[in-house]
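See structure below.
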Amino acid sequence: MLEWLQLHPGLVATGGLSVVLLVAGILATPNAVARLPKDFFTSKDRKPSLWLNIAGWALILAGIAMLILPGPGAVVLLAGVVLADFPGKRRFLRWVLSLGTIFDGLNRIRAKRGKPALQRP
């Protein structure tokens, strides 16, 4: 087994990165969702703070990587889109949240952390 690992360092590195991204996604996504203000989706003029924007873009990049590597890529990608700031974001989020199950999932995460439910757009 050790010999195989030594012969395939690229696979070992990819596997290690997958585990790191999986753990980061599991830890970061609920914290980010819980930090959102309850009127995040209904406020028209809200600009994210710098740290939220940076965290959002980091989650977008991690989510894209997790679409290829093991991990909750779609969930992390969506969390990144929620936090980052870019043109057309509000319209895209309203469409995604109109699907219902995603919005309910976000509110379940918030309820587990003792936060009020998000206002539906």
Test: residue in region 83-93 that is farther than 25 Å from L11 by Cα, part of a helix (DSSP H, G or I), of a type in the set (K, R) and under 15 Å from the mean Cα position of the chain (by Cα): yes
Options L11, L22, L78, L67: the member that is under 10 Å from the mean Cα position of the chain (by Cα), part of a helix (DSSP H, G or I) and either at pLDDT below 80 or of a type in the set (A, V, I, L, M, F, W, C) (or both): L78
Failed item in (1) in contact (Cβ under 8 Å) with a residue 24 or more places away in the chain; (2) in contact with a helix residue (DSSP H, G or I) (Cβ under 6 Å, 6 or more places away or on another chain), with S18 passing the rest: (2)
Qualifying residue in region 96-114 (condition: in a helix (DSSP H, G or I), in contact with a Leu (Cβ under 8 Å, 6 or more places away or on another chain) and charged (D, E, K, R)): yes
Residue, modelled with the lowest pLDDT, within region 34-45, restricted to residues that are charged (D, E, K, R) and exposed (fewer than 14 other Cβ atoms within 10 Å of the Cβ): D45
Subset tally (residues that are closer than 24 Å to K112 by Cα, of a type outside the set (K, R) and part of a helix (DSSP H, G or I)) for region 25-52: 12
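The values are calculated or read from the model by the stated rules, or taken from the named source; none is laboratory data. Everything numeric in this text was worked out from a predicted model, so none of it was measured. Because the Cβ atoms are built from the backbone with ideal geometry, glycine has one as well, and the counts that use them run over all protein chains shown.
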